[in-house]
Amino acid sequence: MRKMKLSDIDSVIDIEKNSFPIPWTRGAFMAELKNNMLARYCVVEVNGRVVGYGGMWLIMDEAHITNIAVHPEYRGRGIGTKLIGALIAEVSGTNIYGMTLEVRRSNIRAQKLYRKFGFVPCGVRPEYYLDNREDAIIMWKTM
Ligand SMILES: CC(C)(COP(=O)(O)OP(=O)(O)OC[C@H]1O[C@@H](n2cnc3c(N)ncnc32)[C@H](O)[C@@H]1OP(=O)(O)O)[C@@H](O)C(=O)NCCC(=O)NCCS
């Protein structure tokens, strides 16, 4: 587990395309790493290969998880758990009082992962996802 670097973006884009119907672009990740002072991104490497990543924005006293994904070949081995644990560890003991994220209503696997760490559903953004107009569940964790 380490901080994401610009040279990781190719691998991250590959995971992104294999994970989301509307993947973030190379430009989006470049902007996050180069220009966004609020952004924190980390990756997990297995045998020198980047197989997962996660990130968040620290806004005032809240942490907004922007994305988390594990390459399909590496899912179900605890890597997602490690990533969320690392994001939580990064804000523990700081002024951050809560962490939030949005997750597709149908993404039960991710919701189970978040619940494991104390995230609870607190609201819905109706038809939030543009590809299929699926609702987003808003989850929060109090630190
Ligand atoms: C969600 C995701 C990051 C989880 O990563 P992962 O490495 O597979 O997660 P883990 O192996 O640490 O498993 C975490 C929890 O997910 C759940 N889970 C794992 N595999 C599962 C499966 N096949 N079915 C249902 N739940 C499952 C379990 O609750 C598990 O915790 P447990 O093992 O303690 O019971 C990964 O599935 C992924 O990249 N999905 C596509 C992208 C995505 O949906 N990101 C989230 C956007 S909000």
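The values are calculated or read from the model by the stated rules, or taken from the named source; none is laboratory data. As the structure is a computational prediction, the values presented were derived from the model and not from experiment. In this analysis, Cβ positions are derived from the backbone assuming ideal geometry, glycine residues included, and neighbour counts consider all displayed protein chains.
When you check Glu45 against the structure, is it over 19 Å from Ser92 (Cβ atoms), modelled with pLDDT of 95 or more, within 16 Å of the ligand (Cβ to nearest atom) and assigned to a strand (DSSP E or B), yes or no?
Yes.
Could you list, in sequence order, all residues of the stretch 124-139 that are out of contact with any Cys (no Cβ under 9 Å at 6 or more places or on another chain) and either on the phi > 0 side of the Ramachandran plot or β-branched (Val, Ile, Thr) (or both)?
Hits for the stretch 124-139 are Val124, Glu127, Arg133.
Six or more apart or on different chains, Cβ under 9 Å: which pairs go from a residue in the stretch 106-124 that's touching a residue at least 24 places away in the same chain (Cβ under 8 Å) to one that's more than 10 Å from the ligand (Cβ to nearest atom) and in a helix (DSSP H, G or I)? Could you list them?
Phe117/Ile88; Gly118/Ile88
Scanning for something in contact (Cβ under 8 Å) with a residue 24 or more places away in the chain, farther than 23 Å from Ile22 by Cβ and not hydrophobic (A, V, I, L, M, F, W, C), does the stretch 67-75 turn up at least one residue?
Scanning the stretch 67-75 turns up no residue that is in contact (Cβ under 8 Å) with a residue 24 or more places away in the chain, farther than 23 Å from Ile22 by Cβ and not hydrophobic (A, V, I, L, M, F, W, C).
Is it fair to say Met60 is free of Cβ contacts under 8 Å to residues at least 24 places away in the same chain, over 16 Å from Glu16 (Cα atoms), of a type in the set (A, V, I, L, M) and surrounded by fewer than 17 Cβ atoms within 10 Å (Cβ to Cβ)?
yes
Considering only residues that are small (Gly, Ala, Ser) and within 17 Å of Lys141 (Cα to Cα), which ones fall in the stretch 81-131?
Hits for the stretch 81-131 are Gly85, Ala86, Ala89, Ser92, Gly93, Gly98, Ala110, Gly118, Gly123.
Where residues in the stretch 97-134 are modelled with pLDDT of 95 or more and among the acidic types (Asp, Glu), which of them is surrounded by the fewest Cβ atoms within 10 Å (Cβ to Cβ)?
Taking the candidates together, the pick is Glu127.
Of the numbered conditions (1) within 19 Å of Ile9 (Cα to Cα); (2) crowded, with 16+ Cβ neighbours inside 10 Å, Gly27 fails exactly one; give the number of that condition.
Gly27 satisfies all of (1) within 19 Å of Ile9 (Cα to Cα); (2) crowded, with 16+ Cβ neighbours inside 10 Å except (2).
Going by the conditions given, is Ile79 within 13 Å of the ligand (Cβ to nearest atom) and either under 18 Å from Val12 (Cα atoms) or exposed (fewer than 15 other Cβ atoms within 10 Å of the Cβ) (or both)?
Spelling it out, Ile79 is indeed within 13 Å of the ligand (Cβ to nearest atom) and either under 18 Å from Val12 (Cα atoms) or exposed (fewer than 15 other Cβ atoms within 10 Å of the Cβ) (or both).
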